[in-house]
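Single-structure report; data block below.
The values are calculated or read from the model by the stated rules, or taken from the named source; none is laboratory data. Just so it is clear, the structure is predicted and the values come from calculations on it, not from any experiment. Here the Cβ positions follow ideal geometry from the backbone for every residue, glycine too, while neighbour counts run over all protein chains shown. The area values use the complete protein model at the heavy-atom level, side chains included, leaving out ligands, DNA and RNA. Shrake-Rupley method; radii C 1.70, N 1.55, O 1.52, S 1.80 Å.
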Amino acid sequence: KAMADITESEFGALWLSDEGGERFRWSGGWNWKGEPPEDVTLAGSLAEQMRTRNWIVDVPQARATAAGYLPACVLNEAGAWALVPLIHFRELIGLVLLGRPPVMRPLDWEDFDMLRAAGRQVASYIAEERGQRALEEVRRFDEFNRRFAFVMHDIKNLVSQLALVARNAERHAHNPDFRADMILTLKESTEKMNRLLARLAHREEVAHGVT
């Protein structure tokens with residue numbers, strides 16, 4: 001919407017690349033009519049020009065010359081006006097399709113300069129948001145490791161205890177005192193496992209905002 005406002009475009013659409021490649025997934029639209037289009041795959045030559053030259057496509061001109069390098073969803077969108085690359089540190093991370101302005105006109109050098117500057121700014125915001133998400137993901141993973149370190153410790157202790165009982169049972173199963181101790185150990189281990197499961201269930205509820 002911010003980029004569409006610059007040129008008074010009637011709509012805007014955004015595709016983002018997962019890996020800075022030639023395939024872009026629909027991310028959202030402003031004032032977009034109809035169903036979201038499928039993912040966009042750029043021809044290698046077009047992707048390279050966008051990446052290296054920050055090249056903006058004049059869609060009506062490309063349509064008039066029957067350019068075969070543009071995705072069908074762009075060419076078939078009647079109101080499409082400009083396809084703008086989002087470049088961040090020489091990486092093509094996204095595409096913005098802008099609709100035509102109220103008074104239809106060809107793109108001029110002022111439009112190109114303005115849209116290139118806006119595209120770089122938008123790309124930096126998107127890259128920053130992705131970085132924040134990646135950092136948050138790492139933080140959640142670290143928190144997961146810290147929270148569940150006690151689980152591994154308790155499970156190891158229970159396994160060792162039960163393994164010892166199993167080994168001794170082969171030799172002392174006939175001994176009534178051993179059988180009594182074994183039953184007591186199994187009961188205690190079961191209680192510990194139940195407490196452990198209860199703690200895990202409580203943490204799961206807290207994590208999902210139940211409690």
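Restricting attention to segment 114-126, does a residue exist that is touching a Pro at 6+ places or on another chain (Cβ under 8 Å), modelled with pLDDT of 90 or more, open to solvent by less than 50 Å² (accessible area, probe 1.4 Å) and closer than 30 Å to ARG23 by Cα? Step through it out loud before you land on a result.
Residues of segment 114-126 that are touching a Pro at 6+ places or on another chain (Cβ under 8 Å), as a first pass: 119.
The next check asks that each one be modelled with pLDDT of 90 or more; those that pass are 119.
In the following step, the residues that additionally are open to solvent by less than 50 Å² (accessible area, probe 1.4 Å) were identified as 119.
From what's left, closer than 30 Å to ARG23 by Cα: 119.
Yes, the conditions are met somewhere in segment 114-126.
GLY99 versus (1) farther than 17 Å from PHE24 by Cα; (2) of a type outside the set (Val, Ile, Thr); (3) touching a Phe, Trp or Tyr at 6+ places or on another chain (Cβ under 9 Å); (4) surrounded by fewer than 22 Cβ atoms within 10 Å (Cβ to Cβ): which is the lone unmet condition?
Failing condition for GLY99: (4).
Every residue, every condition in (1) surrounded by 14 or more Cβ atoms within 10 Å (Cβ to Cβ); (2) modelled with pLDDT under 90, yes or no:
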site: LEU14; (1), (2): yes, no
site: SER17; (1), (2): yes, yes
site: ARG23; (1), (2): no, yes
site: TRP26; (1), (2): yes, no
site: PRO37; (1), (2): yes, yes
site: TRP81; (1), (2): yes, no
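If HIS174 meets every condition in (1) surrounded by 10 or more Cβ atoms within 10 Å (Cβ to Cβ); (2) not in a helix (DSSP H, G or I) apart from one, which number is that one?
Tallying (1) surrounded by 10 or more Cβ atoms within 10 Å (Cβ to Cβ); (2) not in a helix (DSSP H, G or I), HIS174 fails exactly one: (1).
Yes/no matrix, rows are residues, columns are (1) in contact with a strand residue (DSSP E or B) (Cβ under 7 Å, 6 or more places away or on another chain); (2) closer than 25 Å to ARG130 by Cβ:
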{"residue": "GLY34", "(1), (2)": "no, no"}
{"residue": "VAL59", "(1), (2)": "yes, no"}
{"residue": "TYR69", "(1), (2)": "no, no"}
{"residue": "ILE87", "(1), (2)": "no, yes"}
{"residue": "LEU95", "(1), (2)": "yes, yes"}
{"residue": "PRO106", "(1), (2)": "yes, no"}
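Quick one: in segment 39-54, which of the residues that are within 23 Å of ARG130 (Cβ to Cβ) and of a type in the set (Ser, Thr, Tyr) is surrounded by the fewest Cβ atoms within 10 Å (Cβ to Cβ)?
Taking segment 39-54 as the starting set, the residues that turn out to be within 23 Å of ARG130 (Cβ to Cβ) are 39-42, 47-48, 50-52, 54.
When the remaining residues are screened for being of a type in the set (Ser, Thr, Tyr), the result is 41, 52.
On the way: THR41: 13, THR52: 11.
Per the stated criteria, the residue is THR52.
In the set ALA62, ALA67, which member is at pLDDT below 90, in a loop (DSSP other than H, G, I, E, B) and either of a type in the set (A, V, I, L, M) or closer than 21 Å to ARG116 by Cα (or both)? Explain how you work it out, then say what you get.
Numbers: ALA62 fails: in a loop (DSSP other than H, G, I, E, B).
Residue meeting the stated conditions: ALA67.
Can you name the condition, by its number, that LEU107 falls short on among (1) assigned to a helix (DSSP H, G or I); (2) more than 21 Å from the chain's Cα centre (by Cα); (3) surrounded by 13 or more Cβ atoms within 10 Å (Cβ to Cβ)?
Evaluating LEU107 over (1) assigned to a helix (DSSP H, G or I); (2) more than 21 Å from the chain's Cα centre (by Cα); (3) surrounded by 13 or more Cβ atoms within 10 Å (Cβ to Cβ) leaves (1) as the failure.
When residues of segment 1-58 are filtered for being under 19 Å from VAL103 (Cα atoms), in a loop (DSSP other than H, G, I, E, B) and under 22 Å from the mean Cα position of the chain (by Cα), how many remain?
Summing the residues that are under 19 Å from VAL103 (Cα atoms), in a loop (DSSP other than H, G, I, E, B) and under 22 Å from the mean Cα position of the chain (by Cα) in segment 1-58 gives 1.
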